[in-house]
Structure formats: structure tokens, C-alpha cells
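Structure first, commentary second.
The values are calculated or read from the model by the stated rules, or taken from the named source; none is laboratory data. Computed from a predicted model, the values in this text were never measured in an experiment. Please note: Cβ atoms are built from the backbone with ideal geometry, for glycine as well, and neighbour counts cover all protein chains shown.
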Amino acid sequence: MTVKHFLTLDDLDASTLQKLIDRAIELKNLSKQGAIYQPLKNKTLAMIFSKSSTRTRVSFEVGMRQLGGGAIILSPNDTQIGRGEPIEDTAKVISSMTDGIMIRTDSHEKVEILAANSSVPVINGLTDDYHPCQLLADMQTFQELRGSAKGATFAWVGDGNNVCHSFMNAARLFGFHLNIATPAGYEPSEAISQLNSEHISLSDDPKAAVENADVVVTDTWASMGQEQEKNEREDAFDGFCVDQALMSLANTDAVFLHCLPAYRGMEVSSDVIDGPQSAVFQEAENRLHAQKALLELLLA
Ligand code: CP
Ligand code: NVA
């Protein structure tokens, strides 16, 4: 039997993704009603974190518990991964004892090697190139607030990073248009732009990008691993802060999204992220519900 992994959104087809979002909303409602639903009894998810995390860690651990199973956290420092045990061997060993592996690391290729050697589903909890789990929560949030994303306009203002790449794939798979505004030199990957060319527009103009947008989304200017570029990036991203003036150029009911953690006064102003158009905490909570739907699909 072939094992189903979730390394990018493209590991699921458009109709499965839509069903997953519908299911996430259903699981959220069930959970709010206090229903107990435990299809993953006695199942264990191993979680490998080579980078920090609050949302991903809590949502996967709580999600596994609510579904009747459990999760264990492995950090490279206190496992043999940090001492150089090959990723292939690590995959074979961990997958022989667990029912799924969630990994957050730098290189996307490492996650592909892990998946190729794993006998259980592997879930990408963020790499330098993608953050597909974030997009499940983001699409759930949009659907809850505005219905289907088909035909909608989203605007990405900021760095052409991992989250941006997953948004670009989402634009194709969920049928919306994504206007991307980045400073020169911080554009998203050319290959991913090519793949999604019919669903994205690229520019260096935040004002043009947010025009007619139903959603305005941004992320930190310096992702994990880019800490030493922080000052240089602050200069390069001058003019890219999502503030009230920029939001006022989008549709009047435009939703503001941010995967968090956010840096107020940098990529977003406090009055926007803490203001009435912001859905960032609903978005963060939806990490739990969307990933429960994913765990049910892959592990049950
Ligand atoms: N959005 C997100 O992935 O948050 P964490 O880094 O806290 O997991
Ligand atoms: N782009 C950010 C997302 C954090 C959830 C990073 O990679 O650090």
C-alpha cells in the first residue's frame, strides 16, 4: 500500500482539499458542542522540530489528544538526529513505531527524503519552501467568514517566502487570484511562480496589489533562519507595512490574515492586526481544527 504524505498542498487534489476544509469546519462545530470523537485511539504522531513553534506544536499535540491518540516531541538536540544519524535511518526507525510523523525543518529536500523512507504518513509542519498546514487553516478561516474562495482576490504583501509559496499553490487549487507585492530581490521562487502563473500577479507595488482584494495577508520579513538578515530586510521592506492606509485601499470588508508570530510596527501595524478586519486569532485556532481533519484523513 502506498503511504499518503502531506508535504505540499499538491499532495491532495482540489476536491479532497475542499472536503478537508468542510470537514475541519464540521470537526470544529462538533468540538465546540463538547462531542467526543476518537478515531485515532492508540495512535501516535511523532513530531520533529528543528525550528521553534507555538501554534504548530500545540495544535498537533492537542489535535492528536482530542482524536484519542498522542504525540511525542523530538528535538534534534536530544535525539540522534542532531548527532548526524542519517535521515533515511531515522525515518525507518520512527515510522516502525509510530503512525505518523510531523516535521518542521529547514530544507524541504530533507522532508522528501524522510517521506521516501517512512512507512507512515509524513506531514510538513514548515520548511524553508512551504507551509501547507498553515494554508489549510487560512482557507478554513476564509470559508467561515466569506464562503467559497473561488473567484476571490487575495493580496500578499511582503516576503516571497514559504507561506507565500503555499498561498500560490492554494490560489490554483482553490481557484482564487493572488496579487503578490514584494520588494525587488524578495520575489517568490520562479518555479513556483511558473507553476501557478495563471493564478498570480507579481509586482513591487503594495497599493496596486491590495486594490479590490478580499483578503490582505502578510508575514514576518525575516523568517526563521534569516535572523542575521533582519536589519538589511527592514530597510528593503520599507513601504511594505500593512497599515490602515494600505488596508483602506482593499475592499471595505477585506479580511486581514497573518500566520503569526507577528511583529507589530514592522510588517503590520497594531491597529490593523488588532483591529476589526483582522481574523488572525480565528486563523490560529483553525490550525487545530484543520489539522484534525488532516490527521483523520491520513492516519485514521
Ligand atoms: N504559524 C505558525 O506556524 O506558527 P508557529 O511557528 O508558532 O508554529
Ligand atoms: N515565514 C515564517 C513563518 C512562521 C510560521 C518562518 O518561516 O519563520
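Among the residues of the stretch 36-78, the ones that are within 16 Å of ligand 2 (Cβ to nearest atom), out of contact with any Leu (no Cβ under 9 Å at 6 or more places or on another chain) and assigned to a helix (DSSP H, G or I) come to 1 in all. The residues on offer are Leu260, Leu173, Leu202, Leu195, and the sole one that is among the hydrophobic types (A, V, I, L, M, F, W, C), modelled with pLDDT of 95 or more and more than 20 Å from the chain's Cα centre (by Cα) is Leu202.
Checking each residue in the stretch 247-273 for being part of a loop (DSSP other than H, G, I, E, B) and either of a type in the set (A, V, I, L, M) or in contact with a Cys (Cβ under 7 Å, 6 or more places away or on another chain) (or both) picks out Leu249, Ala250, Ala254, Leu260, Ala262, Met266, Glu267, Ser269. Summed over the stretch 185-228, residues that are in a loop (DSSP other than H, G, I, E, B) and either touching a helix residue (DSSP H, G or I) at 6+ places or on another chain (Cβ under 9 Å) or within 16 Å of ligand 2 (Cβ to nearest atom) (or both) total 15. Just so you know, in the stretch 1-47 the residues that are among the hydroxyl-bearing types (Ser, Thr, Tyr) and in contact with a strand residue (DSSP E or B) (Cβ under 8 Å, 6 or more places away or on another chain) include one that is surrounded by the most Cβ atoms within 10 Å (Cβ to Cβ), and it is Thr8. Residues in the stretch 273-288 that are away from ligand 2 (no atom under 16 Å from the Cβ) and within 22 Å of Ser53 (Cα to Cα): how many? Going through the stretch 273-288 one residue at a time, the tally reaches 4. Restricting to the stretch 81-109, name every residue that is over 22 Å from Pro132 (Cα atoms) and among the aliphatic types (A, V, I, L, M). Passing the criteria: Ile81, Val93, Ile94, Met97. Considering the stretch 119-147, the residues that are small (Gly, Ala, Ser) and touching a residue at least 24 places away in the same chain (Cβ under 8 Å) include one that is nearest to Glu109 (Cα to Cα), namely Gly125. Restrict the check to the stretch 64-73 and report whether at least one residue is more than 16 Å from ligand 1 (Cβ to nearest atom) and free of Cβ contacts under 8 Å to residues at least 12 places away in the same chain. Yes, the stretch 64-73 has at least one match. Within the stretch 125-165, if we keep just the residues that are aromatic (Phe, Trp, Tyr) and not in a helix (DSSP H, G or I), the residue that is nearest to ligand 2 (Cβ to nearest atom) turns out to be Tyr130.
Quick one: would you say Ser270 is away from ligand 2 (no atom under 16 Å from the Cβ) and over 23 Å from the mean Cα position of the chain (by Cα)? No, not satisfied.
Could you give every pair whose Cβ atoms fall below 7 Å, whose first residue belongs to the stretch 214-235 and is crowded, with 20+ Cβ neighbours inside 10 Å, and whose second residue is of a type in the set (Ser, Thr, Tyr) and not in a helix (DSSP H, G or I), counting only separations of at least 6 or pairs across chains? Between residues of the stretch 214-235 that are crowded, with 20+ Cβ neighbours inside 10 Å and residues that are of a type in the set (Ser, Thr, Tyr) and not in a helix (DSSP H, G or I), the close pairs are Asp214/Thr153; Thr220/Tyr263. Collect the residues in the stretch 113-151 that are acidic (Asp, Glu) and away from ligand 1 (no atom under 16 Å from the Cβ), keeping them in residue-number order. Matches in the stretch 113-151: Glu144 only.
Going by the structure shown, is Glu267 under 14 Å from Glu144 (Cβ atoms) and crowded, with 21+ Cβ neighbours inside 10 Å? No: the conditions fail for Glu267. Looking across the stretch 182-206, the residues that are out of contact with any strand residue (DSSP E or B) (no Cβ under 8 Å at 6 or more places or on another chain), loosely packed, with under 14 Cβ neighbours inside 10 Å and either charged (D, E, K, R) or under 24 Å from Gly151 (Cα atoms) (or both) come down to Glu190, Ala191, Gln194, Ser197, Glu198. The lone criterion from (1) assigned to a strand (DSSP E or B); (2) surrounded by fewer than 19 Cβ atoms within 10 Å (Cβ to Cβ); (3) of a type in the set (Gly, Ala, Ser) left unmet by Gly82 is number (1). I'd like the full set of residues that are away from ligand 2 (no atom under 16 Å from the Cβ) and either buried (at least 24 other Cβ atoms within 10 Å of the Cβ) or closer than 20 Å to Asn77 by Cβ (or both), limited to the stretch 92-114. Across the stretch 92-114, the qualifying residues are Val93, Ile94, Thr98, Gly100, Ile101, Leu114.
Each residue in the stretch 29-57 was checked for being within 18 Å of the chain's Cα centre (by Cα) and within 22 Å of Glu283 (Cβ to Cβ), and 9 of them qualify.
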